[in-house]
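Here's the structure, in structure tokens; my notes come after.
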Amino acid sequence: MHGLTPSQTIGPYWHIIEHPEWADLTRFGAKGERITLSGRILDGDGAPVADAAVEIWQADPPASELFPGFGRSRTDAEGTFRFITLKPGPVPGRGNVQQAPHLAMAIFARGLLKPLFTRVYFAGEPANETDPLLNQIEDPLRRASLIAQPAGQDGFVIDIHLQGARETVFLDI
Amino acid sequence: MTALAPLRPIPPEADPPYDAPAYRSTEKRHPTHKLLPWVHTVTELTGPHFSPARFPATTDLSVVNGKQALGERIIVAGKVMDENGRPVPNTMIEIWQANAAGRYHHPNDQHDAPLDPNFRGEGRVFTNEAGEYRFISIKPGRYPWRNHPNAWRPHHIHFSLFGSGFAARLITQMYFPGDPLLPLDPIFLAVPDAAARERLIARFDLSLTEPEWALGFRFDFVLRGKAATPMEHP
Ligand SMILES: [Fe+2]
């Protein structure tokens, strides 16, 4: 066994490696149900986190030459991130269980010594009722923290609260 | 039945906490609820692949537009492997750092130290089939920050790696041997175990050093690897 390399914060200057176009997962020409996913990252005081790197990864549609499956967005002065992607379908879970359509999200920022992992589900999906991860969360408010709400024609919105009464459910993965 | 083996849990000694009071920026940004335990599925066990054709490599950070950056030229090389010792081939490594004076090419960096027109501090390299990488840069300078009175960050280079799946994602910092700022740095010290902290420090390596040209430093990355026996969620 080799000892793991520990995580360290991304810090405030990660934009040196930023490529803003990475926030558009359809930029290579992928076809499908195009959606925008946006939201704000807020700290324990409700103040915007303006220097975060927000990353998404989705196992569906499968990554290909046309669809990277991965995106990265900065947060702006209001703490807002914004992605363009394809709406995921259901994904196989462990055993014979299906998982409801979702994205994995990782949040990196100054003040985070390691990423915060969460998931984004979509309101109105019948499969949410039987999703094994969502069903582990008993508190309805906490459960709702993982579900993006429709906004506008093809938009979904989800705010991420790092701390406090409305704290988002983060995953121990 | 999916038989995907989950990744090993991160050992506590190598795991900096979210709440690290000595690093003040963690105060309002750390979660207070217990994290939700979750056994890895295809979502966590797969991740992005970057090809050098679409994401071209920049393996020499020390030259911009044919002009040489100021500072001490260095070569950084090593291996990317997983905890099981398996090399991670053809994987992308993102690199960013301050210039020799300790200033980032970034609008928010207001440190009163000179910018270098021949240094941007941005790079991207790929491992080969054996998991090896190598790049050329200049030794980044140390810089003050406002965490506490007279706070200075040690020499460091920032790295981002993707590994085998999204749960293996790693963003970290590489430090340099013998830096007297290391025992004073709350970010470095947030890693609980001294042996794990040592793994963040590169080794000077004369065999990587090129005579009359650049000093060599060796730094290996170890990413999360799969557990030996697949565990199934009950
Ligand atoms: Fe830094």
Report summary line: Highest GNM mean-square fluctuation among B:Gly85, B:Gly131, B:Gly102, for chain B with Cα springs under 10 Å, belongs to B:Gly85
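Just list whichever of A:Lys31/B:Lys226; A:Lys114/B:Lys226; B:Lys34/B:Lys139; A:Lys114/B:Lys79; A:Lys87/B:Lys79; B:Lys139/B:Lys226 have alpha carbons separated by over 28 Å in the model shown.
Correct reply: A:Lys31/B:Lys226; B:Lys34/B:Lys139; A:Lys87/B:Lys79; B:Lys139/B:Lys226.
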Query raised in the report: Which value, in debye to the nearest 20, describes the size of the charge dipole of the protein assembly as shown about its Cα centre when Lys and Arg Cβ atoms bear +1, Asp and Glu Cβ atoms bear -1, and nothing else is charged?
Result: 260
Report task. With label points built 7 Å along Cα→Cβ from the Cα atoms of A:Glu78 and B:Asn147, find their separation and express it in nm. Result -> 3.3
Query raised in the report: Can you pull out the GluC sites (Glu not before Pro) in segment B:111-145 that DSSP calls coil and that have at most 16 other Cβ atoms within 10 Å?
Result: B:Glu129
Query raised in the report: Looking only at B:Glu13, B:Glu72, B:Glu94, which one moves most when chain B is put into a Gaussian network model with springs between Cα atoms under 10 Å?
Result: B:Glu13
Query - 222 nm mean residue ellipticity, helices alone, for chain B (DSSP H n ≥ 4; -39,500 (n - 2.57); rounded to 500) - result: -1000 deg cm²/dmol
Report task. Work out from phi, with θ = phi - 60° and the Karplus expression 6.51 cos²θ - 1.76 cosθ + 1.60, the ³J(HN,Hα) of each residue of segment B:49-60, listed in order in whole Hz, and give x for Gly and Pro. Result -> 10, 10, 9, x, 5, 8, 10, x, 6, 10, 9, 10
Query raised in the report: Which shape class, rounded, prolate or oblate, goes with segment B:129-230 when its Cα gyration tensor gives a ≥ b ≥ c as root eigenvalues, a/c under 1.5 marks rounded, and past that a/b bigger than b/c marks prolate?
Result: oblate
**Report entry** Over segment A:11-161: Kirkwood hydrodynamic radius from C-alpha pairwise inverse distances, Å
**Finding:** 15.9
Requested in this report: With a point put 7 Å past each Cα toward its Cβ, work out how far B:Ala227 is from B:Leu206 in nm, to one decimal.
Outcome: 4.6
Requested in this report: Express in whole angstrom the spacing between the alpha-carbon centres of segment A:100-162 and segment B:18-76.
Outcome: 23
Query raised in the report: In segment B:78-116, which residues have a backbone nitrogen under 11 Å from the label point lying 7 Å from B:Arg24's Cα in the Cα-to-Cβ direction?
Result: none
Query raised in the report: Accessible area per residue of segment A:11-161 at 1.4 Å probe, in Å²?
Result: 38
Report task. Return the FRET efficiency for the residue pair B:Ala195, B:His111: r is the Cβ-Cβ distance, R0 is 25 Å, and the value is rounded to the nearest 0.05. Result -> 0.15
Query - Enclosed volume per residue, in Å³, of the convex hull spanned by Cα atoms of segment B:48-222 - result: 143
**Report entry** Rough spin-label spacing in nm, given labels placed 7 Å along Cα→Cβ, for B:Ser51 and A:Arg34
**Finding:** 2.3
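Taking a probe of 1.4 Å and counting only protein heavy atoms, give the total accessible area buried between chains B and A in Å², rounded to the nearest 100.
6800
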**Report entry** Choice from A:Ala52, A:Ala77, A:Ala100 showing the highest fluctuation, given a GNM over chain A with Cα pairs closer than 10 Å
**Finding:** A:Ala77
Query raised in the report: Ranked by accessible surface with a 1.4 Å probe, highest first, in what order do B:Asp82, B:Asp15, A:Asp76 come?
Result: A:Asp76, B:Asp15, B:Asp82
Query raised in the report: Taking +1 at the Cβ of each Lys and Arg and -1 at the Cβ of each Asp and Glu, which of B:Tyr175, B:His49, B:Asn108 sits farthest along the dipole of segment B:48-222 towards its positive end, judged by Cα position relative to the Cα centre?
Result: B:Asn108
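Please compute the net charge surrounding B:Leu184, taking Lys and Arg as +1 and Asp and Glu as -1 over other residues with Cβ under 14 Å from its Cβ.
Values: positive: B:Arg142, B:Arg153, B:Arg197; negative: B:Asp179, B:Asp185.
Within the 14 Å Cβ shell, the charges total +1.
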Report summary line: The local net charge around A:Val157, scoring Lys/Arg +1 and Asp/Glu -1 for residues other than A:Val157 whose Cβ lies under 11 Å from its Cβ, equals +1
Query raised in the report: Which value, in debye to the nearest 20, gives the size of the charge dipole of chain B about its Cα centre, when Lys and Arg are +1 and Asp and Glu are -1 at the Cβ?
Result: 360
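In the protein assembly as shown, what percent of the accessible surface is made up of carbon and sulfur (1.4 Å probe, ligands and nucleic acids excluded)?
Roughly 55 percent of what the probe reaches on the protein assembly as shown is carbon or sulfur.
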Report task. Please report, in debye to the nearest 20, how large the charge dipole of segment A:11-161 is about its Cα centre when each Lys and Arg carries +1 at its beta carbon and each Asp and Glu carries -1 there. Result -> 240
Report summary line: For A:Asp24, the net charge from surrounding residues (Cβ-Cβ under 12 Å; K, R +1; D, E -1) works out to +3
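The values are calculated or read from the model by the stated rules, or taken from the named source; none is laboratory data. Bear in mind that the values here come from a model prediction, so they are computed numbers and not experimental data. When we count neighbours, we look across all protein chains shown, and the Cβ atoms used for this are built from the backbone with ideal geometry, even at glycine. Keep in mind that these areas ignore ligands, DNA and RNA; they rest on the heavy atoms of the full protein, side chains included. Shrake-Rupley method; radii C 1.70, N 1.55, O 1.52, S 1.80 Å.
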